[in-house]
Every structure is written in structure tokens, then in C-alpha cells.
Amino acid sequence: MRLFTLIPVIFIPVILAVAGPAAAQNWQEYSYPDYSFRVSFPADPQIETTTYQITDDRAVDARVYAVHRKDAEFKVTVAELADPAPEEAALINHAIGMLSAGGEVKVNIPHRINRVFGRQLSIVQVDGTRAAVALFDYNGRLYQIEGKSLPAGNDATADAIRFVQSLTFTGGGSNRSADDIRAAQGACSAAGPGGAGSGVAASGAPIPPDSARLELRCRRRQTFAALVSALNSGDLPGAQSAYASLSEIQGSGQERFANPNGPFAQAVSQIGQALRSGDLSGAQRALSSLPRGRGAIREP
């Protein structure tokens, strides 16, 4: 099957997050104001104090909030970054390395919750475990949220994605300065060897976020790149996770299709329908039908 080759400018219609068995679970939101976050679990989480390895030779105090099921695991780790704290990129990259040890990172894209910026990942382990993950360096802490669909039992991918998407930071703070935000202008188009989905500038530095329209457009392009990559590689959970992220981005409502009934809008809608039903082949066919060329897909 000839699949779609990524082009640099896209506009995505309003899309719905992947839904599944999670809707039947008794999910409840839990608030932890002392640690500035809220998150939804399918049951009361166990809380323990432990340590977290922030570099190869340094561990710090951490708290873990977790629910374990036969088919899934849901966990939030909050690590205290005592001085001297590692530089953000090094901290996040070390965390990704630990999370993906023995497995493969299928999706690695910028992520944002309110004004807190981080990374979102989809990781597949050799035993078939699939993990949706988000990482944030915020307010002197590393926040690591993981939703895992385990090989045994039913496919819990939808639950894993729902869990990661439920994280909310409280207090209204940000982990970016005004200078960082201004520095983002033009960075998205200067993506490095990984293309628009790499999340790094040509210099190798992380692309800083921009406010409003530019930041939204950059994140949407990177997330769509992750969706294309996941579909081309046959990674259904990764595609579902990327599509769910696109739903969150598009929810801002800042940009719409000039022609919501056009062929591009219809093709993207078909991708979403197929992913919601777990039809990887159908999503790939819809992807291959997307109009080719910049002029064909850039909505005025």
C-alpha cells in the first residue's frame, strides 16, 4: 500500500479523542494540591514514597500514585528536583531513555497542558506492552505519567490514553519565560533531521513553544507528523494517541477548515473513524487518499 508522505503545512478539522472500554469504567478525578496536579484514575490509587533516577549517578525523592490491573497500569511519578537540577532537555531525555529501555519509541512529540510544556510519547516494549507517556519539568519537579496496556487480558490502549490525557496542572503557572515564547517564531519550520515531528531545531535544541496561533500550528504539524509516522509503521496505539492529541489541539477552535466538506477534511475524518474502531488498515487507506501537494491540502 502506498501511504502518505508528510508535507509541511496542514489544517486539521475538529476531531474526537479515541474512545473505548474506558467509558464503562468508574473513573474519578483525584486532586493533589500540594503537588499542583489533578488526574483521573479508574480506582483509588496506591501512594508510595520512593526514589527516582534523574541522571545515571543521581537519585532524588519521589512520590508514585498508581493503579494496577490485570490488563493495564496507570502511574504518576513526581520527582523532586533538588538543586542543582538538571537542564530540562537532559532531564527529559534521560527519562525517555529509562522508559524505552529494551523497547522502541514510536511517537515523541511536544505536549502542553495549559501553560506547562513537555513531551508526549508512545512506547512499545518487546513483550508487547504499549505505553502512553507524558513528561514535564515544572515547578522544581519532574512529572512522569504513564498509561500501559499490558499483553495479558483485553486491549487497554484506550484506557491508557484516557489516563494520560486526564492530567491537569493547577495553580496557573508555566515552565516557559516570555523570552522562550518569543524565541519560538520560525523554529517550527527549522525542524531538524526528524522533520516536523522531531521537536528539535536544526541546532539540536528543543523547539521552544510559541503563544497563540504560531505555537498551535507548530504543535499541530508535529502531531500530524507523528500520526503519519505511526500509520506508516503500522503502530495502531501510537496512531490513536497522536490522533487524540490532535483532538486536544483542535479543541482550541482557533483555526477551522475553509471547506469542511472538502476531500482533505473528509479523509482526515475517515482516519479518525477508523482509529476509533481499531481499524488500522482503514486508517491507512484513508491516509493514502489525502490530496497530494501543498496546493491541494492547504486550506485558505
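We did not get these values from a lab; they are worked out from the coordinates using the rules stated. Values in this document were obtained by computation on a predicted structure and should not be read as measured data. Cβ coordinates were reconstructed from backbone atoms using ideal geometry, including for glycine residues, and neighbour counts include every protein chain displayed.
The mean sequence separation of alpha-carbon pairs under 8 Å and at least six residues apart, normalised by the residue count of region 93-154, gives a relative contact order of 23 percent.
Each residue of region 164-169 was assigned a 3J(HN,Hα) from its phi angle through the Karplus curve 6.51 cos²θ - 1.76 cosθ + 1.60 (θ = phi - 60°); the sequence is 4, 6, 7, 5, 9, 8 Hz, with glycine and proline shown as x.
A Förster distance of 41 Å, applied to the separation of the beta-carbon atoms of ASP61 and ASN261, puts the FRET efficiency at 0.15. For the pair ALA82 and ASP179 in one chain, pulling the backbone fully straight at 0.36 nm per residue adds 32.4 nm over the alpha carbon distance. Stretching ALA89 away from ASP34 to a fully extended chain increases their span by 17.3 nm, per 0.36 nm per residue minus the current alpha-carbon distance. Ordering ILE92, ILE47, ILE271 from the fewest to the most neighbouring beta carbons within 10 Å gives ILE47, ILE92, ILE271. Give me the lysines in straight-line cross-link reach of LYS106: C-alpha distance below 21 Å, same-chain residues under 8 apart excluded. In chain and number order, the partners are LYS75, LYS148. Put a dot 7 Å past the Cα of ALA43, heading toward its Cβ, do the same for ASP279, and the two dots end up 3.5 nm apart. From least to most packed, judged by other beta carbons within 10 angstrom and beginning with the fewest, ASP235, ASP83 follow the order ASP83, ASP235. The trypsin sites (Lys or Arg not before Pro) of region 20-116 that meet both conditions, a loop assignment by DSSP and at most 14 other Cβ atoms within 10 Å of the site Cβ, are LYS70. With the simple spin-label model, which puts each label point 7 Å out from Cα in the Cβ direction, the ASP127 to ASN114 separation comes to 3.6 nm.
Exposure proxy for VAL105, VAL124, VAL268: other Cβ atoms within 10 Å of each Cβ, ordered fewest to most, give VAL105, VAL124, VAL268.
For HIS111, the residues whose amide H sits under 5 Å from its own are GLY118, ARG119, GLN120, ignoring neighbours fewer than 5 places away on the same chain, with H placed 1.01 Å from N.
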